[in-house]
1. How far apart, in nm, are two points set 7 Å out from the Cα along the Cα-to-Cβ line at residue A:5 and at residue A:154?
2. Rank A:129, A:48, A:146 by mean-square fluctuation in a GNM of chain A with C-alpha springs under 10 angstrom and give only the top-ranked residue.
3. Kirkwood hydrodynamic radius (Cα pairs, Å) of segment B:3-107?
4. Can you give the average number of partner chain beta-carbon atoms within 10 Å of each beta-carbon in peptide B:129-135, as a whole number?
5. Rounded, prolate or oblate, given the Cα gyration tensor of chain B, with a/c below 1.5 counting as rounded?
6. Among B:19, B:148, B:32, which one shows the biggest mean-square fluctuation in a GNM of chain B, springs joining Cα atoms closer than 10 Å?
7. Starting from the Cα of residue A:127, step 7 Å along the direction of its Cβ; do the same at residue A:72; then give the gap between the two resulting points in nm.
8. So if each residue of separation counts as 0.36 nm, and I subtract the Cα-Cα distance between residue B:174 and residue B:112, what length gain in nm does that give?
């Protein structure tokens with residue numbers, strides 16, 4: 001395998017990361033492990049775990065970690081570029097088009113319909129998360145308190161994230 | 001700080017703090033872009049979100065490219081996109097290097113403690129988007145249709161979005 005192959009595989013993965021997130025994992029497995037045999041399945045799972053430990057989109061983190069494993073620094077850079085390029089180009093084209101045509105009636109009608117569609121997707125995702133979480137009283141209180149603070153005090157979520165991260169780190173290293 | 005500098009700073013922070021994946025990052029992006037910097041209105045932000053859902057790539061990178069272009073042209077879009085992936089790149093790169101020294105058990109534990117927080121982020125983003133996206137009774141019907149399709153069908157989410165968007169388009173032209 002050379003760097004061009006790596007680049008094109010991640011361009012392909014980048015094109016297919018519609019909707020994003022965990023739906024894409026079987027696709028990664030197919031492309032990297034089954035079809036091309038670049039990694040063994042254990043290595044793949046190891047890298048996937050690593051990709052999920054850090055902030056950032058999982059497809060992107062995964063690309064960087066696989067690229068590094070296969071071709072060191074050059075591989076990490078090439079895979080990162082490959083996986084981002086499709087979304088960069090498609091959004092750039094849409095942005096150029098939209099800023100010119102935003103007053104067009106067909107464009108406005110499309111967005112008129114798609115906004116409530118997105119709201120529906122998000123409400124459903126809250127329901128899905130709710131089902132997955134095994135709720136305890138302390139978790140419910142934290143969720144309720146933080147949601148309340150975020151919605152009614154309009155505080156920057158950055159501070160909530162940093163404080164929660166700090167508390168969680170302390171809890172893991174000194175608490176238990 | 002010039003506007004490009006602010007663009008770089010904002011999207012670097014969004015990349016650095018994007019824990020939890022998926023919709024959890026929306027509240028953070030919205031706060032920076034709509035409330036603090038006022039680069040987009042509420043409605044424009046939902047439109048960017050919608051575009052992001054129907055194109056390849058995650059929301060953080062998509063919104064960086066779009067807003068970067070709106071604020072600073074092609075150069076702005078390149079700078080914002082790179083800023084949004086800089087922190088994840090550095091973190092994953094160095095952790096690949098030190099892979100065997102990392103205690104991933106502790107890391108996953110920390111992440112599991114963060115889960116209620118990311119859930120709250122999703123709830124607050126959903127609340128704000130619900131308020132801004134439904135402006136009349138026709139919007140309520142489209143919203144309920146979208147929710148119904150999510151709950152009752154296994155269809156591809158793109159198909160669901162396009163059905164509701166198409167119906168919205170028809171309603172928009174008829175009324």
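1. The two pseudo-label positions are separated by 5.5 nm.
2. Per the Cα network of chain A with a 10 Å cutoff, A:146 tops the list.
3. 14.3 Å
4. Rounded to a whole number, the mean comes out at 5.
5. oblate
6. In this elastic network of chain B, the residue with the biggest mean-square fluctuation among B:19, B:148, B:32 is B:148.
7. 5.2 nm
8. 17.4 nm
Read-outs throughout are calculated quantities, based only on the coordinates presented, and are distinct from any laboratory measurement. If you're wondering where the values come from, they're calculated on a predicted model, not measured in any experiment. All Cβ positions, even for glycine, are placed from backbone atoms using ideal geometry, and neighbour counts span all protein chains on display.
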